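Comments concern the structure below.
The values are calculated or read from the model by the stated rules, or taken from the named source; none is laboratory data. This structure is a prediction, so every number in the text was calculated from the model and none was measured. Glycine also receives a Cβ, built like all others from the backbone with ideal geometry; neighbour counts cover every protein chain displayed. Quick note on the areas: whole protein, heavy atoms, side chains included, nothing else; ligands and nucleic acids left out. Shrake-Rupley method; radii C 1.70, N 1.55, O 1.52, S 1.80 Å.
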Number of protein chains: 2
Amino acid sequence: MNYKQCAKTLLGHENILILTHKNPDGDTMASAAALCSALRRGGRTACLYANPQVNDKLRPFVEEFFAPAGYKYKYVVAVDIATEGLLPKGYEGLVNFCIDHHPTNSHYAGAELVRPEKSSCAEVVMELIQNINTEISREEATLLYIGLSTDTGCFQYSNTNAASLRAASDLLRLGADNAMVNLRFFRKVSRARLMLESMIYAGMDYYRDGRISVATVTLDMMEKAGATEDDCDDLAGLAGRAEDSVVSITIKEQEGGSCKISVRSNPEVSSSDICAVFGGGGHAMAAGCTIMGTPRMAKELLIQVIDEVWK
Amino acid sequence: MNYKQCAKTLLGHENILILTHKNPDGDTMASAAALCSALRRGGRTACLYANPQVNDKLRPFVEEFFAPAGYKYKYVVAVDIATEGLLPKGYEGLVNFCIDHHPTNSHYAGAELVRPEKSSCAEVVMELIQNINTEISREEATLLYIGLSTDTGCFQYSNTNAASLRAASDLLRLGADNAMVNLRFFRKVSRARLMLESMIYAGMDYYRDGRISVATVTLDMMEKAGATEDDCDDLAGLAGRAEDSVVSITIKEQEGGSCKISVRSNPEVSSSDICAVFGGGGHAMAAGCTIMGTPRMAKELLIQVIDEVWK
């Protein structure tokens, strides 16, 4: 289906429920909210699934669209959800329409608008809204800018392309409040986060002349910094800042004696091969796993495995 | 003069020398290099002033354009230089043509192309090159992307607008290597820098419930971190990351018993008013000064002054 046909399909339904994925990020929440706003402006009744996992940064932008208790929906739309396993529990098999940009989309919905060439789902929703209403509202432009900028790491991730920058330019022209979004999502952090970063950088370990960098976040560090999980956004990116790092590892101690591991790497080493040894997975340049044991044990095991995987 | 007239003027001269400003940043160096490349492709002899202050990050992109010793120039072009005081020493009164985007440009040159609506000088040079040659080369696109992205803080500073994002999109389409630029200028830092950031965050001071944040960088910290001036890019931005900060201060101890002070503030407080007390200056939201004395003394004096200036 093209954008026009999708818009027509959506406008042909009433009492729409829009779903966002588990562990929701800026792209799923803000794109869904923008779509909800546009459908309402198009005269439809539409609500967002009240995702209980939404974080404090995103909540103020999306909760006005949350479905009230007992909302009777007749048509279910999934936004930015690649597979049924990422749907909120209980909605498997119920999705009528899926809007997504993941190349890994498993085509689980009755109808779909999947555009893997887009760097964010916000860009897909942006074109869709232009076919629902003639103009994107200022509020929708800001929501779409949140989705686009967070999914591209403020235009620094490798998925950023000419089209994503062009879309960002158009959103600013439509009134997106990029100054506010930049402050809130990219610049400002809590004092606890700054203290946690201080401890992480102080405790970095380097191997093979710095080509392997390891950051460790213990429960004790979290407590000393006064940090909560809300202060831990993108911690996995810090270790890779070290200039010679080819493989970066972040070891985050969990309650109960395990460690959550994030691995990032340049193309010459496979992050997923490293994590597969411990039953984890992911992509060639970003993967994760869980290791039972202390952070120190986890680090030793990981270095051993990297010595095997990366000759 | 419009872009076409400027292009014609430049192409009407030979043995061109292109100047960059004191303490050169990405915008002056990379925009000048892109212009130099385009003029050479247009059949002109052109060289960059071999700015001795260029840093290690920028040098590999620009030094191929540096004027050889004894280069006999007949026509001098200034790029991104707002006032004669920012010219390299000895070139005062010699500038034939000035290309700039600063609203504060003092119109010191015989002819000029000053476009204050542009967020970077790279965007001015970009339009100019399109009038010198029909197409921007890949290498020039990368240089212009360096200028544009560094001058807008990778599209996060308040000068970022729809036109700057549109220009960035066009540069990617023309082959700019944004992945390499992002890694080099925004993502990767030395291990010494990570250690210095660790010490800075650990030593942050907060006043008025965190609305004033103070970062201190002592000579001792620099030595312990193994850091040099090359590791100190944008240190003045770190203190302002603290979420409640309205005024952020960075105190950098200098050899000889003085401290270099950077003040950043939201519009409700004037950074330049604070710095003026110590004989410094700047803008309402970013200013600087020097205070004789230890970092501790400087901090106490600054807090006193802020109590006067910000009631």
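A few comments on the model shown:
- Per-region count, region A:90-131, residues under 16 Å from A:Q5 (Cβ atoms), open to solvent by less than 20 Å² (accessible area, probe 1.4 Å) and not aliphatic (A, V, I, L, M): 2
- Considering B:S262, B:S245, the condition of being closer than 29 Å to B:D56 by Cα, among the hydroxyl-bearing types (S, T, Y) and not in a helix (DSSP H, G or I) is satisfied by B:S262 alone.
- For region B:163-212, the set of residues classified as among the acidic types (D, E) and touching a strand residue (DSSP E or B) at 6+ places or on another chain (Cβ under 9 Å) consists of B:E197, B:D205, listed by residue number.
- Residue selected from region B:223-232 under the condition surrounded by fewer than 18 Cβ atoms within 10 Å (Cβ to Cβ) and in contact (Cβ under 8 Å) with a residue 12 or more places away in the chain, by the criterion nearest to B:A298 (Cα to Cα): B:C232
- Considering each residue of region B:172-181 in turn, at least one proves to be hydrophobic (A, V, I, L, M, F, W, C), closer than 30 Å to A:Y206 by Cβ and more than 7 Å from chain A (Cβ to nearest Cβ).
- Of all the numbered requirements in (1) among the β-branched types (V, I, T); (2) within 14 Å of another protein chain (Cβ to nearest Cβ); (3) open to solvent by less than 10 Å² (accessible area, probe 1.4 Å), B:V263 misses one, and that requirement is (2).
- Restricting attention to region B:208-228, the residues that are in contact with a Lys or Arg (Cβ under 8 Å, 6 or more places away or on another chain) and under 24 Å from B:V247 (Cα atoms) add up to 4.
- Pairs, first among the aliphatic types (A, V, I, L, M) in region A:28-55, second assigned to a helix (DSSP H, G or I) and open to solvent by 30 Å² or more (accessible area, probe 1.4 Å), C-beta under 7 Å, six or more apart: A:A30/A:F61; A:A33/A:F61; A:A46/A:R40
- Among the residues making up region B:266-290, those that are polar (S, T, N, Q) and either crowded, with 23+ Cβ neighbours inside 10 Å or in a helix (DSSP H, G or I) (or both) are B:S271, B:S272.
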